[in-house]
Every structure is written in C-alpha cells, then in structure tokens.
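Here is the structure we will look at, set down as structure tokens.
The values are calculated or read from the model by the stated rules, or taken from the named source; none is laboratory data. Quantities reported herein were computed from a predicted structural model and do not represent experimental measurements. Neighbour counts are summed over all protein chains in view; Cβ atoms, including those assigned to glycine, are modelled from backbone coordinates with ideal geometry.
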C-alpha cells in the first residue's frame, strides 16, 4: 500500500510502458482501461474489497458499466498515479470513479466511472452484499467522506 496523499486518498502508481504506445505516439486507449481497472482493484484491496474478499467469501465485483473520458494524453515513460473515489453503493452495486493523473505534472489524464455488481462466484448470479461486505463498503465510504476534500468537484457529471 502506498502512503496516502495529503488529501487522505489512497493511490497506486505505474509507468507508461513503450509497448502501450500507439501509432500516434501516446498511450493506446485499451491501456487506459487496463490501468484504471487493475490499479482501481488494488485500491479496493486496501479496503478489504479485493482478492482477499473474493477468496474469503467467494463473491466479487463484476463491472457492468464503465464510462471513460480521455482528457489529456500520456506518453512512454510518463509516471502515472491512479486514485479511486467511491460514489455510492446499495444492496448489490458499487459505483466508483477512478482517475488517472500524470504524477509529476499532476494533470488529470482520464477518468472512468464504473458500476459493479456483487456476484456469487458459485452461482454466477448477482447477489446482495452480506453484512461483512456492507461493513467494508461503509468503512470505505466513511474514510472518504471524513476527509477534507470536496467530492463534487472531482466527479464528472456524465
């Protein structure tokens, strides 16, 4: 786990690999999705909602919708930082926004708003979060809402 940023948000880091660069000299769109998804999962793990949760409860989060916005390009060797903001959850769903920043120049490169459903891996069916899952989700939401940052300014309206 990385040390939280001054605003209290956990994060993960990566470097843009040369093999991710397309004909136009910037990171290909497919790798934005890969990075935001993979590093977003690592952040969820910090709240007990990642691989350990799946192994313990045989349930997991399946993405059913993702809206990606490309805001500014990144290129080979650029250092990146990914942050995740939980927006809401209910009995069976979790909505998050994952943000990709250039870590040195601190500009926002892309955002991805994701809706995931809670799935029982035995039945492969959507199911309610149990008590443990709801408690973990609530702890994550509380960790974000107790910090001194304004979520409304960080979340896209689309």
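Values computed for the structure shown
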{"quantity": "Some residue of region 83-90 being under 30 Å from residue 24 (Cα atoms) and surrounded by 15 or more Cβ atoms within 10 Å (Cβ to Cβ)", "calculated": "yes"}
{"quantity": "Residue, surrounded by the most Cβ atoms within 10 Å (Cβ to Cβ), within region 133-147, restricted to residues that are out of contact with any strand residue (DSSP E or B) (no Cβ under 9 Å at 6 or more places or on another chain) and closer than 10 Å to residue 49 by Cβ", "calculated": "136"}
{"quantity": "Within region 25-36, tally of residues that are without any contact (Cβ under 8 Å) to a residue 40 or more places away in the chain and either closer than 30 Å to residue 56 by Cα or assigned to a loop (DSSP other than H, G, I, E, B) (or both)", "calculated": "3"}
{"quantity": "Residue check for residue 48: on the phi > 0 side of the Ramachandran plot, touching a helix residue (DSSP H, G or I) at 6+ places or on another chain (Cβ under 6 Å), in contact (Cβ under 8 Å) with a residue 12 or more places away in the chain and surrounded by fewer than 18 Cβ atoms within 10 Å (Cβ to Cβ)", "calculated": "yes"}
{"quantity": "So residue 40, is it modelled with pLDDT under 95, at positive phi and outside any strand (DSSP E or B)", "calculated": "no"}
{"quantity": "So residue 126, is it surrounded by 16 or more Cβ atoms within 10 Å (Cβ to Cβ), over 17 Å from residue 43 (Cα atoms) and modelled with pLDDT of 95 or more", "calculated": "no"}
